[in-house]
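Engineer: Structure incoming, see below.
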Amino acid sequence: MSSQQVDNTYERFLDHVKQYHYLSGASMMLGWDQRVTMPEGGTPARAKQASALSAVQHDMLTDDDLAAMLDDLEGAVEGERAAIVRETRRSHERAARVPDDLVERLTEASANAHPVWKQAKADADFGQFEETLREIVDLRREYAEAIDPDRDPYAVLVEEYEPYIPLSDIEATLERLREELPPLIDDIGDSDVELANPLAGTYDQDDQESLVREALDTLGYDWDRGRLDTAAHPFSVGTQFDARVTTRFSPDDPLDALGSTIHEFGHASYTLGLPDSEYGTPLGSDRDMTIHESQSRLWENHVGRSLPFWRLFTPVVEDHLGVETEPRALYEAANRVYDDNLIRVEADELTYHLHIVLRWEIERDLIRGDLAVSEVPAVWNDRMEEYLGVRPENDAEGCLQDTHWAGASFGYFPTYSLGSMLAAQLFAAAERDLGPLDDDIENGAFDPLSEWLTENVHQHGCRYTTPELVESATGERLTADYFLDYAREKYGQLYDLEN
């Protein structure tokens, strides 16, 4: 083709891609509405709406004209154009292998599953959810087989959330955490140090909400492009023009709401940092969940759990919660390692990853057919006891605590740990470029870190593959070294452990 023909084809291609992404955004907001504001009785209609919209999206992504344009543009464009072609081709080729009716069935099943899971969790009764989960597992296996019947189905599903890091590398990282974190956790358990707990008692939800809203103000959340709501399981969703966050409140644990809110702020900061001019294209879309989780975990842990942050934020806590305390006490409270924690989203930085390992193993075995759905509660409880030394008393604090499987998100959980590894690596790289960030955090000067993240991560969207983006931002391949070094140093000091 002549250069003019290439340009014309590319413009038609780009218009098609944008229309598809606009529909995806609409579908995403329907999901937000269902989980936040929709009356429970609306589920049957919403399931049909979501199914119909997913069918239209699937048709657009598998369109023969799109396939022809991709073939014409392959090798004919460079730079950012080539990146958009690469990402669209990957999505197109996966989608083209999945029958339309399977897409509709899977979307409708997951929409219907959410209220079933929610009620089962409220009643602490896995039996109410078992048949629904079995249907979703079967549909996800069918989906993976349609994409590639000759590959490990779990590997195929992981690529929905992390397409460029091989499953073998992901599993090696998780296995390393499973091996190297327990000795540190055991040493902490043997320590005589008792960290402070200045927030014992109960706290009004309105007071907690005013606290987390001020935390969002302090960190620089753009309220003109966002909002805060509550949800059974906190999440963030949106675009660079509208990135919403949710949180939840527990009367006796205001740090849970604060940590969840800062975590979701990290997601939203990534979304809001994507280039406005590229909205509707892969260049204006998040890279993947490894990168997304790196942003949430960086803000939650390396900022929100740091001593400098508590030097900044302690007066705010005292004002909103009516307590008298000091920064060191709140820092210790935010970093307590619990030997009896059952809930992932309430876990400390260390035991958190054993929660992820447990979920990774169970969902992998479910998808591979090595574990029956009916066996999930017993296996969950046994491994929780083995890995974390505590056994759930009921299904709500066991296998029903997360919403991911109700949403058919098999393969998502490993990205939480990958993101945590990358968060430590990115924070170290930022400090190499900017100098130590403690003073900035203590003074509430978050712009340098935010701008560094936008420049090195957010603004690139999907221009680079995950390994390329990691190397561009940090100068190295993704590694767990930074996280493990950070964890040993931080918790060694907190618990007075010998080196």
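Engineer: Please give the FRET efficiency for residue 328 paired with residue 227, using the beta carbon to beta carbon distance and R0 = 51 Å, rounded to the nearest 0.05.
Structural biologist: In this case the efficiency is close to 0.90.
Engineer: Check the straight Cα-Cα distances from residue 118 and name the lysines below 27 Å, setting aside those fewer than 8 residues away within the same chain.
Structural biologist: 48
Engineer: What ranking of 469, 418, 199 emerges when the number of other C-beta atoms within 10 Å of each C-beta is taken as an exposure proxy, fewest first?
Structural biologist: In order of increasing Cβ crowding within 10 Å: 199, 469, 418.
Engineer: A further question on this structure: Would you please give the FRET efficiency between residue 36 and residue 497, computed as 1/(1 + (r/R0)^6) with r the Cβ-Cβ distance and R0 = 51 Å, to the nearest 0.05?
Structural biologist: On the way: r = 43 Å, r/R0 = 0.83.
Plugging the Cβ-Cβ distance into 1/(1 + (r/R0)^6) gives 0.75.
Engineer: Another question about this same structure. Fewest to most neighbouring Cβ within 10 Å: what's the order for 150, 440?
Structural biologist: If I rank by nearby Cβ atoms, fewest first, I get 150, 440.
Engineer: Taking loop as defined by DSSP and a crowding limit of 14 other beta carbons within 10 Å, which trypsin sites (Lys or Arg not before Pro) in region 394-499 fit?
Structural biologist: Details: sites: 432, 463, 477, 488, 490; in loops: 463, 477.
Those satisfying the criteria are 477.
Engineer: Quick one: angle between helix 167-190 and the longest Cα principal axis of the chain, in degrees between 0 and 90, rounded to 10, please.
Structural biologist: On a 0 to 90 degree scale, this one is about 10.
Engineer: Taking only C-alpha pairs under 8 Å that are 6+ residues apart, what is the relative contact order of region 167-494 in percent?
Structural biologist: Relative contact order of region 167-494: 21 percent.
Engineer: Taking Cα atoms, how many degrees apart are the long axis of helix 307-321 and the longest axis of the chain, rounded to 10 and kept between 0 and 90?
Structural biologist: Roughly 80 degrees between the two axes.
Engineer: Sticking with this one: What list of ³J(HN,Hα) values in whole Hz, one per residue of region 270-277 in order, does the Karplus curve 6.51 cos²θ - 1.76 cosθ + 1.60 (θ = phi - 60°) give from phi, with Gly and Pro shown as x?
Structural biologist: The phi angles translate into 5, 4, 5, x, 5, x, 4, 5 Hz.
Engineer: I need the semi-axes of the equivalent ellipsoid of region 186-299: take the C-alpha gyration tensor, multiply each eigenvalue by 5, square-root it, list largest first in whole angstrom.
Structural biologist: Taking √(5λ) for each eigenvalue gives 31, 18, 10 Å, largest first.
Engineer: Another question about this same structure. Placing +1 at every Lys and Arg Cβ and -1 at every Asp and Glu Cβ, with all other atoms neutral, what dipole size does region 167-494 have around its Cα centre, in debye to the nearest 20?
Structural biologist: Dipole size: approximately 880 debye.
Engineer: Using only Cα atoms, figure out Rg for region 1-138 and give it as a multiple of 2.2 N^0.38 Å.
Structural biologist: Rounded to two decimals, the normalised Rg is 1.33.
Engineer: At a Förster distance of 22 Å, what's the computed FRET efficiency of residue 204 paired with residue 124, Cβ-Cβ distance as r, to 0.05?
Structural biologist: 0.25
Engineer: Let me ask another. Neighbour counts of other C-beta atoms within 10 Å: give me 190, 123 arranged from fewest to most.
Structural biologist: Lowest to highest Cβ neighbour count: 190, 123.
Rule-based calculations on the coordinates, nothing more; no lab input. Just so it is clear, the structure is predicted and the values come from calculations on it, not from any experiment. Glycine gets a Cβ as well: all are built from the backbone with ideal geometry, and neighbour counts include every protein chain shown.
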